[in-house]
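Every number here is computed from the coordinates shown, using simple stated rules; none is lab data. Just so you know, these numbers come straight off a predicted model, no measurement behind them. Every residue, glycine among them, receives a Cβ derived from its backbone with ideal geometry; neighbour counts consider all protein chains shown.
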Amino acid sequence: MKKRLAILGVVAAGALALSGCTDSASDPVSTPTGDGASGELTTVRVAALPIAETGALWAAIDEGIFADHGLDIEIVPAQGGALAIPALLNGDIQFAVGQPFGPMRADLQDLGIVILSNYADSLPTGQDVNAVVALADSGIESPADLAGKRVSVNSLGAAGDVTIMKAVEDDGGDPYSIEFVEVAFPDVQAQLEAGTIDAGWVPDPFRGMIVGAGGVEVVYPYQATIPGLTVLTNYTTQSLIDSDPDLVAAYTSAMAEALDWAAANEDAVDAAIASNLDVPLEAAQSLTISAFTPILDVDKVEELAQLAVDYGVLDQMPNFDRMIQLQ
């Protein structure tokens, strides 16, 4: 399979926050069937970012994989996985696709958020799913050069800054001297050119745009710290697991089939990305995409959490026995 980069990123600066949510809990529509044989489908709302990785989900829906499992999937756009957690807790959505940091923080508050499976991994070699970039005249050439600099991430206190800190420390720099600034991916190039930040953590297409304009890649922080680290996971609430185990089983089974199918059907995923993100097919085909897989490497998530504790991003380790319940 050819290698392509996974994150198209936030489609525009005004990327959608979680939408369509109400103030009161809502139950899935119809009755779960476990498969599509009866013709009755259960409507299930899933929060997902409007990024290229969601192409696997869009394409699998079009292929009828979820319908075969008795599910009618409604994708609810989200700006970040952490924003989906309040909607999960009040029942506005049933599942979410997002980084594991949202569930980690929720677990430390005993909110009952549970990771069910993986969704996509970063790439252990070659061009990775994200990079720290800088302008050519910045003098920043290595991770250690980021010490004392203003570095942007799209969300503070998550995998971006944690892995960057580790990469800087391993290269001999002071990770605590970095000033992290929250900047949306589409705004990083303008902020670099304005001099308000010294470097920025970005996925494609923003990485490619900055490098193509003469910028430099400083480090792939995931590869430098935890190669192949998960990019996105599937999660829900303990309440739903307890109250409707059949629905959870149907969703996780369908998602596993969908991700395996997407990994083997790049053309369908490309077409879904182009259609749903309103980009030319050629642009979708040019992206390097991460590995779609339902298999979660828990050891790597624990390693990420331990780094977060070491750097003071998390107060303590989450309870992995309750936070991760692989289906």
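Numbers for the structure displayed
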{"item": "Length-normalised contact order for region 80-234 - Cα pairs under 8 Å, 6+ apart - percent", "result": "37"}
{"item": "Least to most buried among Tyr251, Tyr176 (fewest other Cβ within 10 Å first)", "result": "Tyr176, Tyr251"}
{"item": "Proxy reagent accessibility, fewest Cβ within 10 Å first, across Val248, Val188, Val211", "result": "Val211, Val248, Val188"}
{"item": "Three-way shape label, region 130-225, alpha-carbon gyration tensor, a/c 1.5", "result": "rounded"}
{"item": "Residue exposure sequence - Leu304, Leu240, Leu89 - by fewest surrounding Cβ within 10 Å", "result": "Leu89, Leu240, Leu304"}
{"item": "0 to 90° range, to nearest 10: angle between helix 245-264 axis and the chain longest Cα axis", "result": "50"}
{"item": "Inter-centroid distance (Cα atoms) of region 283-327 relative to region 127-182, Å", "result": "19"}
{"item": "Of Gly64, Gly214, Gly98, the one that fluctuates the most in a GNM where the chain has Cα springs shorter than 10 Å", "result": "Gly214"}
{"item": "Leu108 versus Ala67: modelled label distance in nm, points set 7 Å from Cα along the beta carbon direction", "result": "4.4"}
